[in-house]
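The structure appears right after this line, and notes come after that.
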Amino acid sequence: MLQGRRVLVGIGGGIAAYKVCQVVSTLAKLGVEVRVVLSDHAQQFITPLTLSTLSRHPAYTDDTFWQPTHHRPLHIELGEWANTILIAPLTANLLAKLVHGLADNLLTSTVLASTSPILVAPAMNTEMWYQQSVQRNWQLLQADPRYHSVNPGTGILACDRVGAGRMAEPSEILTYLHSLLYTQGKRDLVGKHLLISAGGTREHLDPVRFIGNPSSGKMGAALAQAALHRGAKVTLVHAPMEARLLNTLPGARLIPVISATEMRQAMVNSLPEADWTIMAAAVADVRPTEYSAEKLPKRLLPNQLPLSAAPDIVTELSHLRRPNQRLIGFAAQTGDILTPALEKLQRKKLDAIVANAIDQMDSGFGSDHNQAVFIDHEGRKVAIGQCSKLQMAHHLFDFIHTMSSKAG
Ligand code: C5P
């Protein structure tokens with residue numbers, strides 16, 4: 001999906017420029033065509049040679065802007081060429097220029113000569129970031145629908161301060177770019193609240209032992225990311241998941257749970273505000289009937305474990321929801337994925353179900369990839385071949401948009 005897509009990377013004059021090398025290198029390895037423009041100040045931190053080598057193409061600077069070697073003005077050529085622009089690190093100076101439409105160098109001129117979406121990743125010292133003038137400019141930039149942003153985080157800054165202003169990590173920037181290359185910047189989920197469940201629930205027998213499943217929560221996290229990138233408000237109810245995945249969701253409301261019973265409570269509580277609810281969690285179907293608050297000694301472990309049914313959350317949500325609230329389930333299957341998924345769609349009265357195979361190579365549980373068939377309540381089917389979970393999430397949102405309103 002990224003093969004042959006065209007990303008222009010504009011680098012501002014800040015120490016975080018070194019981290020942008022990682023972004024450029026990763027994009028190039030994924031088959032993305034990358035062109036890099038360095039501001040004069042960026043060249044104090046990293047060299048055009050570094051970026052030429054990593055992007056497999058000569059990097060541009062203000063010196064190249066004025067060289068009469070191009071048959072068309074370079075900023076027009078680059079502006080038309082780019083599918084998406086990344087500006088990182090976005091300095092206070094560059095921010096002010098973008099907000100006011102200045103075109104005093106190759107990068108700012110290219111921005112004005114292009115209509116593609118722009119992702120910005122600010123980075124600066126904490127005092128600079130919190131200046132009224134900078135915050136005012138930041139608000140103005142965010143009000144411009146062309147701009148998407150990965151907000152600076154808090155941490156140790158190069159000036160030895162600990163505070164806000166640290167550039168987002170390359171992985172966060174890359175994920176957002178991935179979304180923009182898919183959506184071309186559309187924000188078709190603005191005004192929608194998505195309630196998403198993720199991860200595998202754990203049904204404890206004692207504080208240590210539980211019945212669980214290998215769900216990593218990656219699909220649910222990808223749904224949350226894609227929804228945020230398209231402008232939605234997101235609540236993610238998640239079973240235990242790696243902190244690394246949850247850290248990729250700034251802006252989402254996170255509700256941690258452990259068991260199916262806790263997940264049921266959190267989902268029922270959150271349902272009234274949700275426009276779309278997506279049950280991507282792998283919820284246990286059964287739980288141990290007895291729970292011991294103390295760890296059971298080995299000799300007291302039963303040979304047979306009495307089990308009771310866990311709450312069927314999605315079925316309950318389908319009874320509780322208002323007619324205009326959409327409800328989508330997942331069916332992780334082996335073998336024939338379609339027949340059981342169709343049966344679940346009808347029995348649980350869902351608007352749609354995502355039938356995904358968990359017995360294929362590099363797909364389903366724990367993988368960064370997935371393949372699936374979407375089926376809606378009218379029997380419409382769309383098969384999506386193997387792709388990243390983020391891309392699968394975008395395909396699903398496109399599918400939901402095209403569905404007619406009501407499940408039976
Ligand atoms: O486990 P199963 O394949 O039946 O899951 C189908 C759908 O039902 C999924 O969306 C899952 O999150 C949901 N489910 C649930 N409560 C359960 C079991 C599954 O909400 N106890």
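The values are calculated or read from the model by the stated rules, or taken from the named source; none is laboratory data. The shown structure was predicted, so the numbers you read here are calculated from the model rather than taken from an experiment. Cβ: placed from backbone, ideal geometry, glycine included. Neighbour counts: every protein chain shown.
Name the pairs whose Cβ atoms lie under 6 Å apart, with the first residue in the range 121-142 and at negative phi and assigned by TED's automatic domain parsing to the domain that holds E169, the second among the aromatic types (F, W, Y) and crowded, with 19+ Cβ neighbours inside 10 Å, and 6 or more positions between them or separate chains?
Hits for this filter: L141/Y147.
So which residues in the range 1-23 are in a strand (DSSP E or B) and crowded, with 18+ Cβ neighbours inside 10 Å?
Result: V7, L8, V9, G10, I11.
Among the residues of the range 287-304, is there at least one that is buried (at least 21 other Cβ atoms within 10 Å of the Cβ) and within 12 Å of the ligand (Cβ to nearest atom)?
Yes, the range 287-304 contains a residue that is buried (at least 21 other Cβ atoms within 10 Å of the Cβ) and within 12 Å of the ligand (Cβ to nearest atom).
Looking only at the range 339-373, count every residue that is over 20 Å from the mean Cα position of the chain (by Cα), away from the ligand (no atom under 13 Å from the Cβ) and surrounded by 15 or more Cβ atoms within 10 Å (Cβ to Cβ) and tell me the total. I'd like the intermediate steps shown before the answer.
Residues of the range 339-373 that are over 20 Å from the mean Cα position of the chain (by Cα), as a first pass: 339-353, 355, 357-361, 373.
This time we only want the ones that are away from the ligand (no atom under 13 Å from the Cβ), so: 359-361, 373.
Now restrict to residues that are surrounded by 15 or more Cβ atoms within 10 Å (Cβ to Cβ): 360, 373.
Going through the range 339-373 one residue at a time, the tally reaches 2.
Restrict the check to the range 65-87 and report whether at least one residue is on the phi > 0 side of the Ramachandran plot and of a type in the set (K, R).
The answer is no; no qualifying residue exists.
Could you list, in sequence order, all residues of the range 24-66 that are more than 17 Å from G4 (Cα to Cα), of a type in the set (D, E, K, R) and either assigned to a helix (DSSP H, G or I) or not assigned by TED's automatic domain parsing to the domain that holds L174 (or both)? Before the answer, list the steps.
Pass one, the range 24-66, residues more than 17 Å from G4 (Cα to Cα): 37-53, 58-66.
In the following step, the residues that additionally are of a type in the set (D, E, K, R) were identified as 40, 62-63.
Of everything in the range 24-66, those that are more than 17 Å from G4 (Cα to Cα), of a type in the set (D, E, K, R) and either assigned to a helix (DSSP H, G or I) or not assigned by TED's automatic domain parsing to the domain that holds L174 (or both) turn out to be D62, D63.
Checking T339 against (1) assigned to a helix (DSSP H, G or I); (2) within 23 Å of M267 (Cα to Cα), only one condition comes out false. Which one?
Status for T339: all satisfied but (2).
Would you check which residues across the range 163-174 are touching a helix residue (DSSP H, G or I) at 6+ places or on another chain (Cβ under 7 Å) and at pLDDT below 95 and list them?
Those that are touching a helix residue (DSSP H, G or I) at 6+ places or on another chain (Cβ under 7 Å) and at pLDDT below 95: G163, A164, G165.
If the Cβ limit is 6 Å and pairs must be 6+ apart or interchain, which residue in the range 77-100 that is among the β-branched types (V, I, T) pairs with which residue that is in a helix (DSSP H, G or I)?
T84/L180; T84/L181; V99/N137; V99/L140; V99/L141
Suppose we keep only residues that are in a loop (DSSP other than H, G, I, E, B) and of a type outside the set (K, R) within the range 67-87. Which one would you say is modelled with the lowest pLDDT? Step through it out loud before you land on a result.
Keep residues of the range 67-87 that are in a loop (DSSP other than H, G, I, E, B), which gives 67-73, 82-83.
Retained after the next criterion (residues that are of a type outside the set (K, R)): 67-71, 73, 82-83.
Working: Q67: 76, P68: 71, T69: 67, H70: 64, H71: 75, P73: 90, A82: 97, N83: 96.
Selected residue: H70.
Within the range 252-275, work out how many residues are in contact (Cβ under 8 Å) with a residue 60 or more places away in the chain, out of contact with any His (no Cβ under 7 Å at 6 or more places or on another chain) and more than 13 Å from the ligand (Cβ to nearest atom).
The total comes to 1.
Table: residues versus (1) modelled with pLDDT under 95; (2) surrounded by fewer than 16 Cβ atoms within 10 Å (Cβ to Cβ).
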site: P89; (1), (2): no, no
site: P122; (1), (2): no, no
site: R136; (1), (2): no, yes
site: Q139; (1), (2): no, yes
site: G155; (1), (2): yes, yes
site: Y176; (1), (2): no, no
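What are the pairs, 6+ residues apart or on separate chains, where a residue within the range 308-321 that is touching a residue at least 40 places away in the same chain (Cβ under 8 Å) and within 8 Å of the ligand (Cβ to nearest atom) has its Cβ under 7 Å from a residue that is acidic (D, E) and not in a helix (DSSP H, G or I)?
Once the first residue is touching a residue at least 40 places away in the same chain (Cβ under 8 Å) and within 8 Å of the ligand (Cβ to nearest atom) and sits in the range 308-321, its partners that are acidic (D, E) and not in a helix (DSSP H, G or I) give A310/E203; A310/D285.
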